[in-house]
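Below: the structure, in structure tokens.
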Amino acid sequence: DCVSVHQETTPHLDRTLRFIQSEGARAGVVLNPSTPLSAIEHALEICDYVLLMSVNPGFGGQSFIPYVLDKVRALRQWRERRALEFLIEIDGGVSVDNISKIAEAGADWIVAGSSVFGETDPGAAFGRLSQAARDAVARAV
């Protein structure tokens with residue numbers, strides 16, 4: 001089980017993450033696109049994953065916000081420098097046109113909604129997205 005908490009919703013993020021973990025779930029923190037990474041720096045040693053929203057939350061079908069890729073890269077560097085183990089997740093505006101860049105930037109988990117379920121053949125759409133992500137990871141290795 002995983003429980004995600006928006007950083008912007010709690011004044012005691014570290015306490016909230018620890019509570020989630022004490023209940024046996026993986027605890028993740030979510031950041032809106034405009035929220036700086038510095039807002040969660042203190043919680044990176046605690047959290048199991050960081051979900052970076054790549055659209056402004058509220059409705060599906062929005063366009064990917066490109067500057068979030070810089071956050072993915074920076075978060076990956078923080079993780080490597082500090083030998084931490086949290087995963088990096090992206091959600092919002094993911095498409096076959098940008099999934100390679102997302103994977104290359106260092107996202108471990110990628111959420112795709114409209115680009116899969118908005119298609120007439122969701123299975124084929126998922127296959128194209130998965131292949132593009134796998135190809136990007138293979139090029140990076």
Backbone N under 17 Å from the Glu23 label point (7 Å along Cα→Cβ), restricted to the range 39-77: 47-49
5 angstrom amide H check on Val30, placed H, neighbours 5+ away: Val5, His6, Gln7, Leu51
Residue order, fewest to most surrounding Cβ atoms within 10 angstrom, among Phe19, Phe117, Phe59, Phe64: Phe59, Phe117, Phe19, Phe64
For the chain, fraction of C-alpha pairs farther apart than 28 Å, in %: 18 percent
Relative contact order for the range 2-140, counting Cα pairs under 8 Å that sit 6 or more residues apart, in percent: 18 percent
Top of Ser22, Ser130, Ser63 by mean-square fluctuation, Gaussian network on the chain, Cα under 10 Å: Ser22
GNM top mover of Pro66, Pro11, Pro57 - the chain, alpha-carbon springs below 10 Å: Pro11
Stretch gain in nm, segment Lys101-Ser63, where the contour uses 0.36 nm per residue and the Cα spacing is subtracted: 12.2 nm
For Trp109, Trp78, order by how many other beta-carbon atoms lie within 10 Å, fewest first: Trp109, Trp78
Cα-based radius of gyration of the range 1-56 once divided by 2.2 N^0.38 Å, which approximates compact folds: 1.03
In degrees, nearest ten, helix 68-82 long axis to first principal axis of the chain (Cα): 50 degrees
Total charge dipole magnitude, the chain, about the Cα centre, Cβ charges on Lys, Arg, Asp, Glu only, Debye to nearest 20: 320 debye
Cβ-based exposure ranking for Thr120, Thr9, Thr16, Thr35, in which fewest neighbours within 10 Å come first: Thr120, Thr9, Thr35, Thr16
Dipole of the range 28-131, positive end: most advanced residue of Gly127, Trp109, Ile65 [Cβ charges, Cα centre]: Ile65
Residue among Gly127, Gly58, Gly92 with the largest mean-square fluctuation in a Gaussian network model of the chain, springs linking Cα atoms under 10 Å: Gly58
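Taken together, the values in this text are just the output of simple stated rules run on the coordinates, not laboratory data. Keep in mind that this is a model prediction, so the values were computed, not measured. Note that we place each Cβ from the backbone using ideal geometry, even for glycine, and neighbour counts take in every protein chain shown.
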